[in-house]
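What follows is a single structure, written as structure tokens, with notes after it.
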Amino acid sequence: LITNVSLRRVLDSRGNPTVEADVLTESGGFGRAAAPSGASTGEYEAIELPPSEAIAAAREHALPRLVGEVYAGNQREVDAALRAADGTENFSEIGANSAVAVSMAAAKAGADVLGAPLYQHLGGTFRGESFPTPLGNVVGGGEHAKEATHIQEFLAAPVGAPSVSEAVFANAAVHARISELLDDRGVPAAKGDEGAWAPPISDAEAFEIVDEAVDDVSDDLGFEIGFGLDMAAAELYDADEDGYVYGDEVKSTAEQVEYVAEMVDEYDLVYVEDPLDEDDYEGFADLTERVGEQTLVCGDDLFVTNVERLQAGIDADAANSILIKPNQIGTLSDAFDAIELATENGYETVISHRSGETEDTTIAHLAVATDAGFIKTGTVQGERTAKLNELIRIADDAV
Ligand code: PGA
Ligand code: ZN
């Protein structure tokens, strides 16, 4: 039984405050988790409140329904209590940041009571030898860095790596190789929020450099490394222009579909996230029809980890994979529902961090527990390596 929940403001990786929750149980179980935070957030995401407001509201409304009332190990009940305390569709009352922190902290407390690693408590006892392939952000711009590429993320994808450890180090090697290639070209590069290089180059140049880097590292290591994109196209789309804005150039929806399809062909992309605006199920479906056999077309802002939006996408054949971000929807139970619906319909799942992160490692466990094909959680920097190193530990049975 949950006997105490404490909430506090802690720093995230951008230096902003975020919500951290501690959950204590009667039998001495303890769990701690913190909410991440997006910069290119989808319009249909659950609501993140200013942390002090979210904390005050959760103390007032959620704690009375949790403390002395619910078992930490009963995730469905914990999350139902959070939903009932909030009373809205989108957690606008207690904040999705409070909700997700408590939901994840309760899961960890439940695991602690059992003396089990979190991924086992979340359902991963029967996991096989497979592991999620890490998608590593190596070059980026958009909302994550100024004066860099229009495309938000170029993601290394070590699809041929024999182990999670080799995959993680492959992405780091691609990141390092890109730094050399930028140096060779005399391009100075800052880093974006997720630790990817944020050079002042065109998207076309970024394609070339990332392609060269993944080929070099692939040759070195002897297994296949491809790459993919998060275009975060909702941020590029301008309704007034009725198109996607790349600096001085505007692409119509048809041109955007054509452009992405060409890049998929030319660079053998393994993954394309949010290639179109978050309202454009039809554009997504056109692209998926063209390239869905060759590559993963993934909805992030399109689906926002929401089963209703995912079902609409399934009905429209809009994509073939979904990004899962627990804080987009507010609880682990909701995230599980989205994963289940996706899996039943043959959609690949990609468990994801946010651009604002903490040292929290819950998503590494979630990816293993649900047998996700991929995890997107950066390449370097402590708040990213926290998850990657946890994956290495899980594979080593050392958690
Ligand atoms: P965000 O970006 O966390 O800033 O929303 C990540 C993504 O778009 O996948
Ligand atoms: Zn995205």
Next on the checklist: Using the Karplus curve 6.51 cos²θ - 1.76 cosθ + 1.60 with θ = phi - 60°, what ³J(HN,Hα) values do you get for each residue of the range 381-391, in whole Hz, with x for Gly and Pro?
Outcome noted: 5, x, 5, 8, 5, 3, 6, 5, 5, 5, 4
Checklist entry - If you take the square roots of the eigenvalues of the alpha-carbon gyration tensor of the range 251-305 and sort them as a ≥ b ≥ c, do you get rounded (a/c under 1.5), prolate (a/b over b/c) or oblate? => result oblate
Checklist entry - Separation between the residue 130 and residue 204 pseudo-spin-labels, each 7 Å from Cα along Cα→Cβ, expressed in nm? => result 3.9
Checklist outcome for this item: Counting sequence-distant residues (5 or more places) and residues on other chains, those with an amide H built under 5 Å from that of residue 379 are 137
Item to check | Three-way shape label, the range 128-190, alpha-carbon gyration tensor, a/c 1.5 | outcome: oblate
Checklist entry - residue 271's amide H: which non-local residues (gap 5+, or another chain) put their own amide H closer than 5 Å, with H modeled 1.01 Å from N in plane and none for Pro or chain starts? => result 229, 296
Checklist entry - Hey, if you put +1 on the Cβ of every Lys and Arg and -1 on every Asp and Glu Cβ in the chain, which of 259, 333, 186 ends up farthest toward the positive end of that dipole? => result 333
Next on the checklist: If you average the alpha carbon positions of the range 362-387 and of the range 55-99, how far apart do those two centres end up, in angstrom?
Outcome noted: 25
Item to check | Label zone at residue 282 (point 7 Å along Cα-to-Cβ), backbone N below 12 Å, the range 228-265 | outcome: 253-254
Checklist outcome for this item: Amide H proximity to residue 348 below 5 Å, modelled H, separation 5+ or other chain, gives 321, 322
Item to check | Span from the the range 226-266 Cα centroid across to the the range 115-181 one, whole angstrom | outcome: 23
Checklist entry - Under a 1.4 angstrom probe, counting protein chains only, how are 165, 52, 37 ranked by accessible area, largest first? => result 52, 165, 37
Next on the checklist: From the phi angles alone, apply the Karplus equation (6.51, -1.76, 1.60; θ = phi - 60°) to the range 298-306 and give each ³J(HN,Hα) in whole Hz, x where the residue is Gly or Pro.
Outcome noted: 10, x, 10, 4, 5, 9, 6, 6, 10
Checklist entry - Tell me, what HN-Hα J-couplings in whole Hz come from the Karplus equation 6.51 cos²θ - 1.76 cosθ + 1.60 at θ = phi - 60° for each residue of the range 353-370, using x for Gly and Pro? => result 6, 10, 5, x, 10, 10, 6, 4, 10, 3, 5, 5, 5, 4, 5, 5, 4, 9
Item to check | Scaled radius of gyration (Cα, divided by 2.2 N^0.38 Å) that the chain gives | outcome: 0.95
Checklist entry - How long is the gain from residue 254 to residue 312 if the chain were fully straight, where each residue apart is worth 0.36 nm and the alpha carbon distance is subtracted? => result 18.7 nm
Checklist outcome for this item: To the nearest Å², the heavy-atom accessible area per residue of the chain with 1.4 Å probe amounts to 38
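The values are calculated or read from the model by the stated rules, or taken from the named source; none is laboratory data. Since we're looking at a predicted model, the values are computed, not measured. For neighbour counting, all protein chains shown are included, and Cβ atoms are generated from backbone atoms with ideal geometry for every residue, glycine included. Ligands, DNA and RNA are excluded from the accessible area calculation, which covers all protein heavy atoms including side chains. Shrake-Rupley method; radii C 1.70, N 1.55, O 1.52, S 1.80 Å.
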